[in-house]
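Participant: Take a look at the following structure, please.
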């Protein structure tokens with residue numbers, strides 16, 4: 001789950017890291033009120049789950065509460081990269097002396113969280129790492145032992161930061177590392193971490209992302225502290241009808257798993273494919289041989305006939321789909337005959353001839369003899385493991401091209 | 001020969017009374033594996049296909065009378081970390097974690113604990129490993145008669161991020177007469193117990209293994225780690241790699257699976273294109289098509 005800035009700031013605040021006295025609101029009137037309470041120049045920031053806010057005009061400065069209200073009105077109407085804001089954040093305009101960067105991410109190779117710190121904050125950390133590697137400090141933390149302040153101190157000191165700045169930044173990075181672990185984050189970033197003219201440090205912007213697998217055990221933070229609704233899943237794009245329907249069919253039955261995606265696909269060959277690795281391999285194989293997949297899908301874990309049928313139907317119902325290819329890497333758990341029955345049922349229920357509609361059926365493995373009998377009966381072309389995933393995909397592509 | 005397993009390897013199944021675990025136990029027994037016990041809390045005294053069930057790993061070890069080599073862990077995600085640590089704490093050195101959807105923090109904790117106790121974790125989110133005609137630890141290859149079709153003994157070590165593709169590739173190696181020394185489904189998660197590079201020394205030490213095949217996907221930097229290992233270790237083993245998911249490099253697919261989390265650690269090495277470049281520069285043969293694997297192996301070993 002990706003968090004909006006106002007939520008990320010709240011998470012940071014809950015961890016004991018200082019933040020400015022910001023306010024989140026959804027109307028110009030509320031924005032005016034918050035600006036009045038702040039009582040000075042403010043910044044109005046669009047709350048969207050996308051980058052490039054500043055460039056798009058989603059961040060504006062105001063000298064008066066009236067101006068703050070006006071900016072809020074404009075920003076609330078402003079779409080950024082296809083996203084409408086959920087509100088605006090009203091922040092006091094900070095008197096910044098220096099900007100720093102602090103974050104914690106996973107290092108998959110070391111299998112440990114990695115703390116990062118830079119005294120060149122406010123800009124893209126990747127760029128800093130490339131151009132000024134001596135200005136980026138790094139250090140892993142244990143997954144078992146408590147995070148020591150000294151570990152954060154070492155990382156910061158490695159960038160050359162010393163004096164009171166070192167002592168003020170140390171607990172902030174250590175707290176960030178602790179919240180990363182405790183809240184199951186996959187990204188916890190404060191950028192910029194600002195040193196104000198009075199010498200104090202505050203988190204001026206924060207980016208947080210929680211691992212989806214851990215949401216179940218982070219309910220207290222998600223529901224109680226942040227008030228995020230159960231069904232607020234924050235997809236990176238608006239799911240299509242196809243995607244929604246497949247998800248529903250999958251959820252209705254616990255046996256097996258089906259997944260379907262069609263964002264970025266708009267071909268004429270429907271793919272009813274699996275499992276994870278097989279689907280990736282097959283999608284490539286179709287495209288490399290000049291085929292145009294209408295979708296991506298995954299079948300796995302021995303789904304019921306109804307589920308296999310449901311997926312095939314949704315694929316067949318998509319605009320522009322002329323044929324489907326039913327293909328999987330060798331199965332050991334999923335039963336060939338069940339998938340065969342499911343896809344044939346889908347064709348029949350939609351009034352289509354399975355032999356014409358199914359370009360190829362290539363699923364070798366468990367119960368294949370039983371599956372082949374059914375396919376024979378309906379005149380569906382099938383092949384066994386002696387036909388590679390590449391060749392099976394090629395046959396499907398050739399068939400659909402022949403027709404056109 | 002083999003890596004990690006041999007004909008004498010004993011193991012237990014934690015979560016043995018679950019539906020999938022019951023099947024998996026039968027498959028392993030039918031293949032000839034030595035399943036010496038199972039654990040499901042509260043189910044002590046039962047049997048699963050003749051395998052005694054216990055409440056704790058400690059009881060299973062006590063019943064066996066000597067150290068048990070391995071454990072297959074197939075319990076719900078919320079209980080996995082505890083189960084793995086329980087196994088390690090009872091002297092088990094090889095753990096296959098089948099369970100999916102375990103938060104990264106838990107996986108990292110198990111791995112750190114395993115490292116402290118000289119134990120090795122395979123997975124999570126994997127199908128285990130198999131030494132053809134010797135031992136099968138996990139659902140890899142499916143029922144014994146299906147596994148026999150896909151896996152014959154031979155010279156190629158297989159490591160794969162996809163369980164199904166482990167069998168697909170091994171089947172093609174078997175059909176080509178090359179066979180498999182040991183095949184490991186290493187798991188598809190962002191953090192796993194054993195990466196390609198971490199398993200390479202085992203294959204390197206196995207005289208029977210003459211080449212390695214890896215199946216790989218976008219995301220993470222495990223391939224970069226393998227490329228580095230290969231460049232640094234002057235391995236006797238040629239490696240053939242297949243990269244799936246090249247379509248994910250398309251602009252329209254970006255952001256669907258690539259988060260910006262960790263980009264500084266993972267660098268720009270996440271994409272299929274970058275990974276292929278990197279593997280090739282380390283002398284690893286990257287085939288374009290899945291069916292080119294057996295010939296590429298033959299060419300590399302001069303067979």
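Each value in this text was obtained by applying a stated rule to the coordinates, not by laboratory testing. Not measured: the values here are computed from a predicted model. Cβ sites come from the backbone with ideal geometry, for glycine too, and all protein chains shown count toward neighbours.
Participant: How much length is gained if the chain between residue A:356 and residue A:124 is pulled fully straight, taking 0.36 nm per residue apart and subtracting their Cα-Cα distance, in nm to one decimal?
Facilitator: Full extension from residue A:356 to residue A:124 adds 78.2 nm.
Participant: To the nearest Å, what is the center-to-center distance of segment A:256-314 and segment A:90-115, using C-alpha atoms only?
Facilitator: Centre-to-centre (Cα) distance: 39 Å.
Participant: If each residue's Cβ is checked for other Cβ atoms within 10 Å, how do A:288, A:329 rank with the fewest at the top?
Facilitator: The fewest-first ordering by Cβ neighbours comes to A:288, A:329.
Participant: If you don't mind, there's one more thing I want to ask. Taking each residue of B:164-176 in turn, how many C-beta atoms of other protein chains fall within 10 Å of its C-beta, and what is the average?
Facilitator: 5
Participant: I've got another one for you. Given a Förster radius of 22 Å and the C-beta distance between residue B:144 and residue B:89 as r, what FRET efficiency does 1/(1 + (r/R0)^6) yield to the nearest 0.05?
Facilitator: According to the calculation, E is roughly 0.10.
Participant: Antiparallel versus total DSSP beta bridges in the protein assembly as shown: what percent is that, nearest 5?
Facilitator: On the way: 55 of 106 bridges.
Antiparallel bridges make up about 50 percent of those DSSP assigns within the protein assembly as shown.
Participant: Ok, one more. When Cβ neighbours within 10 Å are restricted to other protein chains, what is their mean count per residue of peptide A:200-209?
Facilitator: Averaged over the peptide's residues, the number is 1.
Participant: Per-residue mean of other chain beta-carbon atoms within 10 angstrom of the beta-carbon, peptide A:179-187?
Facilitator: 3
Participant: Write down, largest first, the equivalent ellipsoid semi-axes of segment A:57-161 in whole Å, where each equals the square root of 5 times an eigenvalue of the alpha-carbon gyration tensor.
Facilitator: Numbers: eigenvalues 254, 60, 40 Å².
Equivalent ellipsoid semi-axes, largest first: 36, 17, 14 Å.
Participant: Sticking with this structure for a sec: Rounded to the nearest 5, what % of the DSSP beta bridges within chain B are antiparallel ones? Before the final figure, lay out the partial values.
Facilitator: Details: 8 of 44 bridges.
Percentage antiparallel, nearest 5: 20.
Participant: Where the centroid of each part is defined by its Cα atoms, how far is segment B:1-48 from segment B:79-93 in Å?
Facilitator: Result: 15 Å between the Cα centres.
Participant: On a 0 to 90 degree scale, rounded to 10, what angle separates helix A:163-182 from the longest Cα axis of chain A?
Facilitator: Value to nearest ten degrees: 30.
Participant: Let me ask something else about it. Can you tell me what the convex hull of the Cα atoms of chain B projects to on average, as an area in nm²?
Facilitator: 15.1
Participant: OK, next. How much space per residue, in cubic angstrom, does the convex hull of the C-alpha atoms of chain A take up?
Facilitator: 174
Participant: Here is a further query. Taking every Cα atom in segment A:248-404, find the radius of gyration and the maximum pairwise distance Dmax, and write them in Å.
Facilitator: In Å, with Rg to one decimal and Dmax whole: 13.5, 39.
Participant: Further, regarding this structure: Any chance you could list the semi-axes, whole Å, largest first, of the equivalent ellipsoid that the Cα gyration tensor gives for segment A:21-92, using √(5λ)?
Facilitator: Values: eigenvalues 75, 23, 19 Å².
Semi-axes from the Cα gyration tensor: 19, 11, 10 Å.
Participant: Moving to a separate point now. Can you give the direction-averaged projected area of the convex hull of the alpha-carbon atoms in segment A:335-404, in nm²?
Facilitator: Mean projected area of the Cα convex hull: 4.5 nm².
Participant: For segment A:170-315, what number results from the quotient of the Cα radius of gyration and 2.2 N^0.38 Å?
Facilitator: Compared with the compact-globule rule of thumb, segment A:170-315 sits at 1.45.
Participant: Still on this structure: Could you please rank A:173, A:204, placing first whichever residue has the fewest other Cβ atoms within 10 Å of its Cβ? Mind dumping the intermediate values first?
Facilitator: Numbers: A:173 28, A:204 22.
The fewest-first ordering by Cβ neighbours comes to A:204, A:173.
Participant: While we're on this one: Can you tell me the FRET efficiency between residue A:132 and residue A:223 if r is taken as the Cβ-Cβ distance and R0 is 41 Å, rounded to the nearest 0.05?
Facilitator: Numbers: r = 41 Å, r/R0 = 1.01.
Efficiency for this residue pair is about 0.50.
Participant: OK, next. Could you compute how fast segment B:139-234 diffuses translationally, taking Rh as the Kirkwood radius over C-alpha pairs and applying Stokes-Einstein at 10 °C with viscosity 1.306 mPa s? Give it in µm² per second.
Facilitator: Numbers: Rh = 13.7 Å.
D = 116 µm²/s.
Participant: Additional query: What's the exposure ranking of A:309, A:383, going from fewest to most Cβ atoms within 10 Å?
Facilitator: Ordered by Cβ neighbours within 10 Å, fewest first: A:383, A:309.
Participant: Additional query: Summing -39500 (n - 2.57) over the DSSP H runs of n ≥ 4 in chain B and dividing by its residue number, what mean residue ellipticity at 222 nm do you reach, to the nearest 500 deg cm²/dmol?
Facilitator: After summing the helix terms and dividing by the residues of chain B, the value is -11000 deg cm²/dmol.
Participant: Moving on. Pairing the Cα long axis of helix B:196-205 with the longest principal axis of chain B, what angle in degrees results, from 0 to 90 and rounded to the nearest 10?
Facilitator: Its long axis makes an angle of about 80 degrees.
Participant: Roughly what % of Cα-Cα distances in the protein assembly as shown sit above 49 Å, to the whole percent?
Facilitator: 19
Participant: Here's another thing I want to ask about it. Hey, what angle do you get for helix B:222-233 against the long axis of chain B, alpha-carbon based, 0 to 90 degrees rounded to 10?
Facilitator: Helix B:222-233 sits roughly 80 degrees off the main axis of chain B.
Participant: To check my understanding: the extent here is largest minus smallest coordinate of the Cα atoms along each principal axis. What are those three numbers for segment A:96-225, in Å, largest first?
Facilitator: Extents along the principal axes, in whole Å: 40, 32, 27.
Participant: Distance between Cα centroids, segment A:346-404 to segment B:164-202: provide it in whole Å.
Facilitator: 28
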